[in-house]
Amino acid sequence: MARIAGVDLPREKRIEAALTYIYGIGDASSREIIKAAGVNPDTRVKDLTNEDIAKIRQVVATDYKVEGALRTEITMSIKRLMDIGCYRGLRHRRGLPVRGQRTHTNARTRRGGKRRTLGASKKK
C-alpha cells in the first residue's frame with residue numbers, strides 16, 4: 001500500500017493515474033513528478049519498490065504544495081478577498097459566481113436549489 005502525502009493510492013491503477021488522487025496533483029503534475037523521480041509511468045502502484053515510493057514522496061514534498069497546506073492557502077486567499085471587500089470577495093461572501101458568469105439563468109449550484117413556478121406547486 002503506497003501512502004504519499006497522507007493519501008492511500010489505489011493499488012491496481014498505474015502510478016500516473018494514481019497520483020491524481022492526491023489533492024493538488026492533476027494529470028500534468030503527475031507526469032512531471034514521475035519524470036523527476038525517474039519512475040516508469042506504466043508501473044502499477046502495487047509493483048512499485050520502496051525506493052520508487054521514496055523518490056516520489058521526496059519530489060512531492062519538496063516541489064508541490066498538496067492536501068492540507070494547499071487547502072489552507074486557498075481558504076486564506078478567499079478570506080483575504082472577502083476581508084478587503086473587493087468585488088470577487090463580495091461575490092464569495094454572497095455565494096454567487098465569481099468569474100463573470102451570468103446569474104439571470106443558470107448558476108444553480110452557486111445560488112441554490114431548484115426554483116419552482118407558482119403552478120408547479122399546486123398539483124392535486
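The values are calculated or read from the model by the stated rules, or taken from the named source; none is laboratory data. As the structure is a computational prediction, the values presented were derived from the model and not from experiment. We place every Cβ from the backbone using ideal geometry, glycine too, and count neighbours over all the protein chains shown.
Please tell me if residue 96 is more than 17 Å from residue 16 (Cα to Cα), in contact (Cβ under 8 Å) with a residue 12 or more places away in the chain and loosely packed, with under 15 Cβ neighbours inside 10 Å. In short, yes.
Note on the stretch 23-39: among residues that are without any contact (Cβ under 8 Å) to a residue 24 or more places away in the chain and not in a loop (DSSP other than H, G, I, E, B), the one that is surrounded by the fewest Cβ atoms within 10 Å (Cβ to Cβ) is 28.
Given the conditions (1) among the hydroxyl-bearing types (Ser, Thr, Tyr); (2) within 30 Å of residue 5 (Cα to Cα); (3) not assigned by TED's automatic domain parsing to the domain that holds residue 11, and given that residue 49 satisfies all but one, which numbered condition is not satisfied? Of everything listed in (1) among the hydroxyl-bearing types (Ser, Thr, Tyr); (2) within 30 Å of residue 5 (Cα to Cα); (3) not assigned by TED's automatic domain parsing to the domain that holds residue 11, residue 49 misses just condition (3). Every condition in (1) assigned to a helix (DSSP H, G or I); (2) of a type in the set (D, E, K, R); (3) without any contact (Cβ under 8 Å) to a residue 12 or more places away in the chain holds for residue 16 except the one numbered (3).
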